[in-house]
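See structure below.
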Amino acid sequence: MKLFKLLMTAALLTGLAMPAAAQKKQFVTIGTGGITGVYYPTGGAIARILTKNEKKHGIRATVQATGASVFNINAIMKGDMDFGITQSDRQYQAYNGLDEWEGKPQKDLRAVFSLAPEAITLVVSEESGIKTLADLKGKVINIGNPGSGNRQNAIDILEAAGYNVEKDLKAEGAKAADAPKMLQDSRIDGFFYTVGHPNGAIKEATAGMHKARLIDVVNMEKVLAKFPYYSMVTIPKSFYPEALNPNDTKTVGMLATFVTSSKTPDDVVYNLTKEVFENLDELKSLHPALAVITKESMLQGNSAPFHPGAEKYFKEAGLMK
Ligand code: GLU
């Protein structure tokens, strides 16, 4: 948006009559996650759909690989980025001033739409000997970098399973994108990654020289009761045929959501929303984890208010009254 403002200021100052197309050019940035996750290719798909019709609406989007959910919300709130992908639990916490944002509700956070489900995924190496969530004592487990959404999810699950995260295991803070290699190099016993499926990171972790398995995250009734944004999800075995586990994996999940700031202009959010919804089949074809999305599902799971630009499109399209 910065360049856009510059162009507009220049036009105003010089009183130049800029050609319509140039006047309307708007540059937006989309914060995603690590490149082997689902956020990064999803942001890329949204940018590609927008760019295809750039002449129509003048928006050009660029995608940034980032530390993910928490980083994206904070960057948008600081005005460093225009849009970002974040977990629905993080959207809820940020808007309501909980967890990372304790006492600091991010009242300018706005929902645009939700995307596909994500699952709290625990992958362990065969040599770690871990078969269930009860086998993690003394193990080296990557719970993720501080800017990620998955770090707190890992802590919630570990605490619900009865662990003291500081004392009972060695929790590492590496980025999810680095974790599969660390697992294959035997530097960690396992890692948590909250992510849509299938994705490149879990493929990398399960298809290497060292065998690996996904662990069921079950008996989580307390977690489900305590946190309104969690629900049970299943990761199909067919997504990772080389993983050791014989069945689908049951675990806790939430949704990925697309967010912005109340300060993002209505027309920008309107045009982006319209392009994404009108090209939804193309978006879904660009990544297999997006296959389950429907126009209706995209209005669910958000807790910050919708941005007025998104709402305008939803009403026009008959998706909202
Ligand atoms: N859910 C992850 C996080 O926010 C990112 C997943 C992804 O990049 O696909 O930490």
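The values are calculated or read from the model by the stated rules, or taken from the named source; none is laboratory data. These figures come from a predicted structure and were not determined experimentally. Quick reminder, even Gly has a Cβ in these numbers, built from the backbone with ideal geometry, and neighbours come from all protein chains shown.
Whether any residue in region 97-105 is under 19 Å from residue 258 (Cβ atoms) and surrounded by fewer than 17 Cβ atoms within 10 Å (Cβ to Cβ) is what I want to check.
Within region 97-105, not a single residue is under 19 Å from residue 258 (Cβ atoms) and surrounded by fewer than 17 Cβ atoms within 10 Å (Cβ to Cβ).
Provide a single number: the residues in region 303-321 that are over 17 Å from residue 259 (Cβ atoms), part of a loop (DSSP other than H, G, I, E, B) and at pLDDT 95 or above.
4
If you go through region 253-263 one residue at a time, do you hit one that is free of Cβ contacts under 8 Å to residues at least 60 places away in the same chain and farther than 19 Å from residue 87 by Cβ?
Scanning region 253-263, I find no residue that is free of Cβ contacts under 8 Å to residues at least 60 places away in the same chain and farther than 19 Å from residue 87 by Cβ, so the answer is no.
Being within 16 Å of the ligand (Cβ to nearest atom) and acidic (Asp, Glu) is the filter here; which residues of region 142-178 pass it?
Matches in region 142-178: 156, 172, 178.
Among the residues of region 170-190, which ones are within 17 Å of residue 217 (Cα to Cα) and either at pLDDT below 95 or in a loop (DSSP other than H, G, I, E, B) (or both)?
189
Name the residues in region 120-141 that are under 19 Å from residue 211 (Cβ atoms) and within 15 Å of the ligand (Cβ to nearest atom), would you?
The answer is 121, 122, 123.
Spot the failing condition for residue 190; the list is (1) of a type outside the set (Val, Ile, Thr); (2) under 28 Å from residue 140 (Cα atoms); (3) within 16 Å of the ligand (Cβ to nearest atom); (4) touching a Leu at 6+ places or on another chain (Cβ under 7 Å), and only one is missed.
Looking at each condition in turn, residue 190 falls short on (3).
I'm trying to understand the selection: among the residues of region 277-302, which are among the hydroxyl-bearing types (Ser, Thr, Tyr) and either at positive phi or in a helix (DSSP H, G or I) (or both)?
Hits for region 277-302 are 285, 297.
Results for (1) under 20 Å from residue 280 (Cβ atoms); (2) modelled with pLDDT of 95 or more; (3) in contact with a Leu (Cβ under 6 Å, 6 or more places away or on another chain), shown as yes or no for each residue.
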site	(1), (2), (3)
46	yes, yes, no
51	yes, no, no
65	no, yes, no
71	no, yes, no
88	yes, yes, yes
91	no, yes, no
94	no, yes, yes
103	no, yes, no
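So, in region 69-127, exactly how many residues are among the acidic types (Asp, Glu) and on the phi > 0 side of the Ramachandran plot?
1
Quick one: which helices (runs of 4 or more DSSP H) lie wholly within region 18-119 and hold at least 2 residues that are more than 10 Å from the ligand (Cβ to nearest atom), over 20 Å from residue 152 (Cβ atoms) and of a type outside the set (Val, Ile, Thr)?
Hits in region 18-119: 20-24, 39-52, 54-57.
What residue, among those in region 237-289 that are more than 18 Å from the chain's Cα centre (by Cα), β-branched (Val, Ile, Thr) and under 22 Å from residue 315 (Cα atoms), is surrounded by the most Cβ atoms within 10 Å (Cβ to Cβ)?
Only one residue fits best here, namely 269.
Restricting to region 146-169, what's the tally of residues that are in contact with a strand residue (DSSP E or B) (Cβ under 6 Å, 6 or more places away or on another chain) and outside any helix (DSSP H, G or I)?
3
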